[in-house]
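Report on the following structure.
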Amino acid sequence: MRAIFVMIKCEMGAAYRVAREAADRIEELSELYSTSGQYDLLGKFYLDPEQDTGLFVTERVQSIPGVKDTYTLITFNAFGGGGRVAGAGRAG
């Protein structure tokens, strides 16, 4: 599984409705936060390695009523405490 983050801009007054809809219908959603700034929500999604990111965002996230815009961040490595790459074994 690989993580992507999607920043979601909603129509005025629709952020909580969009958040509920996303939580109810997108099984790949791991976490969803309300945010301040240009975007209203930040979602963390776990996709299968072969899953098409653009198609996922277009069909599953942007199709939610009340979503105006999205900005997708694709991740490479996750780091845990002590600067280790998450899931990597410890030496020694």
Kindly provide the set of residues from the stretch 37-85 that are of a type in the set (Phe, Trp, Tyr), assigned to a strand (DSSP E or B), farther than 19 Å from residue 24 by Cβ and modelled with pLDDT of 95 or more, ordered by number. 71
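Residue check: is residue 88 modelled with pLDDT under 95 and not in a helix (DSSP H, G or I)? Spell out the reasoning first.
Numbers: modelled with pLDDT under 95: yes; not in a helix (DSSP H, G or I): yes.
In short, yes.
Condition check ((1) surrounded by 11 or more Cβ atoms within 10 Å (Cβ to Cβ); (2) in contact with a Phe, Trp or Tyr (Cβ under 6 Å, 6 or more places away or on another chain); (3) of a type in the set (Val, Ile, Thr); (4) in contact (Cβ under 8 Å) with a residue 60 or more places away in the chain) across all residues:
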position	(1), (2), (3), (4)
29	yes, yes, no, no
38	no, no, no, no
49	no, no, no, no
53	yes, no, yes, no
60	yes, no, no, no
68	yes, no, no, no
72	yes, no, yes, yes
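Taking the stretch 1-51, which residues are of a type in the set (Ser, Thr, Tyr) and over 17 Å from residue 72 (Cβ atoms)?
Narrowing the stretch 1-51 to residues of a type in the set (Ser, Thr, Tyr): 16, 30, 33-36, 39, 46.
Residues satisfying the conditions are 16, 34, 36.
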Residues of the stretch 1-33 that turn out to be over 12 Å from the mean Cα position of the chain (by Cα) and either of a type outside the set (Lys, Arg) or in a loop (DSSP other than H, G, I, E, B) (or both), as a count: 11
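The values are calculated or read from the model by the stated rules, or taken from the named source; none is laboratory data. Here the structure is a predicted model, which means the values were calculated and not measured. Using ideal geometry, Cβ is built from the backbone for each residue, glycine included, and neighbour counts are taken over all protein chains shown.
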